[in-house]
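Asks: Sharing a structure with you now.
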Amino acid sequence: MIGGSPSKIFHLREFVKALEKLGVKTKLVIDTDIYTGFPSRKISNWFETKTKFNKLISEFKPDAILVDRQHTLFDIAAVKSDVPVFVHLRGDYWSEIKWAKETIYKGLIKKIVINIKEKRSEKCFNDSTVILPICNYLEKIVKKHYPDKNTHVLQSGITASRWYPVEGMKLKHPCVGILQGAVIWGKAQEMLVLEKVIKELPDVTFYWAGDGPYRREIIERLDKFDNFKWLGSLEYPDKTREFLSEIDIYGLVSGIDMSPLTVQEAQLMKKPVIVTNVGGVSELIVNNKTGFLVEKGDAKGWIEKLTVLVKDKQKRETMGNAGRKFVEENFSWEKITKEFIRTLKESGIK
């Protein structure tokens, strides 16, 4: 059984299809549909009990539960059950909690909320059977906090056939497409390095698709340039596909990231990628073959790599083709699912 957030259901459905193709009976649910509790915007949810969760366990009788978050009451109910629980960890939870406390979670109510989430998360980590970090870099961080915990890396898979060129969006060329949120300040603040880059490359248009609570801080610094355009959030996956079809180069400008799916998607769309060398991002590309790594805060590096790709169409095409092949070979759902099944078996799940 898999419980995940609404924002990840699209990708989890792909995972379920791959599992069922390999003979694993699977049930996918939105965790908050089963058990929400406090905190919730709906006061009626505060008084929920485990009735739905218990009924689900009784009827489906899972051999294992995979949770895609760690702070919901669904996750807590899972680790309190007699069923082995596997926690898929997508980000550096500990850094994200720290940044949240230092920025937008300063009010009394928000402090209460984040403290509740923190306590639940630690219980989920402690009582889970296995923690599944999304990349090798994150596994090292998990081991610092839980040195004796059983861990296995579970990368995010992707269905290559869903990513193909389409028409619909018209952008000014040459252009760089940036597709990332502004939800975590530790990630988003790196975009400010583009201030020097955009100024130095006036003939290149930079399009940012994304949104979040830190959008204003970024736009205030970058919107003064005529060659910077903010597109807001894009409908996924159709508008995202249009955007990636139209851009010339994909850029991930992030202060910390583990395994951003957009880097895989851009490579499947045969776009050369330039990414900040942080976290587990380097595990998603082949440097100098499918794209370039640029060090954090290195505006000069961004300018140099972008200049190379803007001037050399053949290099863009060669890198783009290599990128699609790399993702197809290393991140197919079939490959990822087989690795997950192997982890289940090693943990005693038959």
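The values are calculated or read from the model by the stated rules, or taken from the named source; none is laboratory data. Here the structure is a predicted model, which means the values were calculated and not measured. FYI the Cβ positions are ideal-geometry reconstructions off the backbone, even for glycines, and counts take in every protein chain you see. Remember, those area values only see protein heavy atoms, side chains included, never the ligands or the DNA or RNA. Shrake-Rupley method; radii C 1.70, N 1.55, O 1.52, S 1.80 Å.
Asks: Considering only strands (runs of 3 or more DSSP E) fully contained in the range 1-77, which possess at least 3 residues that are crowded, with 21+ Cβ neighbours inside 10 Å?
Replies: Numbers: elements: 2-4, 28-30, 65-67.
Passing ranges, in order: 2-4, 65-67.
Asks: Moving on. Is it true that Val286 is of a type in the set (Val, Ile, Thr), without any contact (Cβ under 8 Å) to a residue 60 or more places away in the chain, open to solvent by 40 Å² or more (accessible area, probe 1.4 Å) and in contact with a helix residue (DSSP H, G or I) (Cβ under 8 Å, 6 or more places away or on another chain)?
Replies: Spelling it out, Val286 is indeed of a type in the set (Val, Ile, Thr), without any contact (Cβ under 8 Å) to a residue 60 or more places away in the chain, open to solvent by 40 Å² or more (accessible area, probe 1.4 Å) and in contact with a helix residue (DSSP H, G or I) (Cβ under 8 Å, 6 or more places away or on another chain).
Asks: Across the range 322-350, what is the number of residues that are assigned to a helix (DSSP H, G or I) and either acidic (Asp, Glu) or open to solvent by 80 Å² or more (accessible area, probe 1.4 Å) (or both)? If you could, list the steps in order and put the result at the bottom.
Replies: Taking the range 322-350 as the starting set, the residues that turn out to be assigned to a helix (DSSP H, G or I) are 322-330, 333-346.
Still in the list and also either acidic (Asp, Glu) or open to solvent by 80 Å² or more (accessible area, probe 1.4 Å) (or both): 325, 328-329, 334, 338-339, 342, 345-346.
Summing the residues that are assigned to a helix (DSSP H, G or I) and either acidic (Asp, Glu) or open to solvent by 80 Å² or more (accessible area, probe 1.4 Å) (or both) in the range 322-350 gives 9.
Asks: Follow-up question, since we're still on this one. Within the range 289-301, is even one residue in a helix (DSSP H, G or I) and either on the phi > 0 side of the Ramachandran plot or surrounded by 17 or more Cβ atoms within 10 Å (Cβ to Cβ) (or both)? Explain how you work it out, then say what you get.
Replies: The initial filter retains those residues of the range 289-301 that are in a helix (DSSP H, G or I), namely 299-301.
If we keep only those that are either on the phi > 0 side of the Ramachandran plot or surrounded by 17 or more Cβ atoms within 10 Å (Cβ to Cβ) (or both) as well, we get 299, 301.
Yes: the range 289-301 contains one or more residues that are in a helix (DSSP H, G or I) and either on the phi > 0 side of the Ramachandran plot or surrounded by 17 or more Cβ atoms within 10 Å (Cβ to Cβ) (or both).
Asks: Does the range 82-91 contain any residue that is part of a loop (DSSP other than H, G, I, E, B), farther than 19 Å from Ile131 by Cα and either touching a Leu at 6+ places or on another chain (Cβ under 6 Å) or of a type in the set (A, V, I, L, M, F, W, C) (or both)?
Replies: The first filter runs over the range 82-91 and keeps only residues part of a loop (DSSP other than H, G, I, E, B), leaving 82-84, 90-91.
Keeping just the survivors that are farther than 19 Å from Ile131 by Cα gives none.
Within the range 82-91 (the criterion being part of a loop (DSSP other than H, G, I, E, B), farther than 19 Å from Ile131 by Cα and either touching a Leu at 6+ places or on another chain (Cβ under 6 Å) or of a type in the set (A, V, I, L, M, F, W, C) (or both)), the answer is no, since none of the residues qualifies.
Asks: Suppose the filter is hydroxyl-bearing (Ser, Thr, Tyr), more than 19 Å from Trp94 (Cβ to Cβ) and in contact (Cβ under 8 Å) with a residue 60 or more places away in the chain; does Ser161 pass it? Steps first, please.
Replies: Numbers: hydroxyl-bearing (Ser, Thr, Tyr): yes; more than 19 Å from Trp94 (Cβ to Cβ): yes; in contact (Cβ under 8 Å) with a residue 60 or more places away in the chain: no.
No, not satisfied.
Asks: Still on this model: Glu334 - would you say it is over 22 Å from Lys271 (Cβ atoms) and touching a helix residue (DSSP H, G or I) at 6+ places or on another chain (Cβ under 7 Å)? Show your work before the answer.
Replies: Working: over 22 Å from Lys271 (Cβ atoms): yes; touching a helix residue (DSSP H, G or I) at 6+ places or on another chain (Cβ under 7 Å): yes.
Yes; evaluated as a whole, the condition is true for this residue.
Asks: I'd like the full set of residues that are under 18 Å from Leu344 (Cα atoms) and touching an Asp or Glu at 6+ places or on another chain (Cβ under 8 Å), limited to the range 136-151.
Replies: Thr151
Asks: A follow-up question, please. Can you give me the ranges of the helices (runs of 4 or more DSSP H) entirely in the range 191-274 with at least 3 residues that are of a type in the set (Asp, Glu)? Give the derivation first.
Replies: On the way: elements: 194-200, 215-222, 238-246, 261-268.
Counting at least 3 such residues, we get 238-246.
Asks: OK, next. Quick check on the range 223-234: of everything there that is more than 24 Å from the chain's Cα centre (by Cα) and open to solvent by less than 40 Å² (accessible area, probe 1.4 Å), which residue is nearest to Leu201 (Cα to Cα)?
Replies: As a first pass, look at the range 223-234 and keep what is more than 24 Å from the chain's Cα centre (by Cα): 223-228.
This time we only want the ones that are open to solvent by less than 40 Å² (accessible area, probe 1.4 Å), so: 225, 227-228.
Details: Phe225: 11, Asn227: 9, Phe228: 11 Å.
The qualifying residue nearest to Leu201 (Cα to Cα) is Asn227.
Asks: Where the second residue is surrounded by fewer than 19 Cβ atoms within 10 Å (Cβ to Cβ) and charged (D, E, K, R) and the first is in contact (Cβ under 8 Å) with a residue 40 or more places away in the chain and lies in the range 293-314, which pairs have Cβ atoms under 7 Å and are six or more apart or on separate chains?
Replies: Cβ pairs passing all conditions: Ala299/Lys196; Ile303/Glu200; Leu309/Lys315.
Asks: With respect to Leu194, is the statement that it is modelled with pLDDT of 95 or more and within 23 Å of Gly323 (Cα to Cα) true?
Replies: Numbers: modelled with pLDDT of 95 or more: yes; within 23 Å of Gly323 (Cα to Cα): no.
No: the conditions fail for Leu194.
Asks: Mind listing whichever residues of the range 118-127 are among the polar types (S, T, N, Q) and open to solvent by 60 Å² or more (accessible area, probe 1.4 Å)? Step through it out loud before you land on a result.
Replies: So in the range 118-127, the residues among the polar types (S, T, N, Q) come out as 121, 126.
Result: Asn126, single match.
Asks: From Ile104, Ile141, Ile116, grab the single residue that is out of contact with any strand residue (DSSP E or B) (no Cβ under 6 Å at 6 or more places or on another chain) and outside any helix (DSSP H, G or I). Full working, then the answer.
Replies: Details: Ile141 fails: outside any helix (DSSP H, G or I); Ile116 fails: outside any helix (DSSP H, G or I).
Answer to the selection: Ile104.
Asks: Counting just the residues of the range 153-190 that are part of a helix (DSSP H, G or I) and of a type in the set (Gly, Ala, Ser), which one comes out most open to solvent (accessible area, probe 1.4 Å)?
Replies: We begin by selecting, within the range 153-190, every residue part of a helix (DSSP H, G or I); these are 160-162, 185-190.
Among the residues that remain, those that are also of a type in the set (Gly, Ala, Ser) are: 160-161, 186, 188.
Numbers: Ala160: 23, Ser161: 89, Gly186: 1, Ala188: 0 Å².
Residue satisfying both the conditions and the ranking: Ser161.
Asks: Taking into account only those residues within the range 98-117 that are within 21 Å of Thr32 (Cα to Cα) and of a type in the set (A, V, I, L, M), which is surrounded by the fewest Cβ atoms within 10 Å (Cβ to Cβ)?
Replies: Per the stated criteria, the residue is Ile109.
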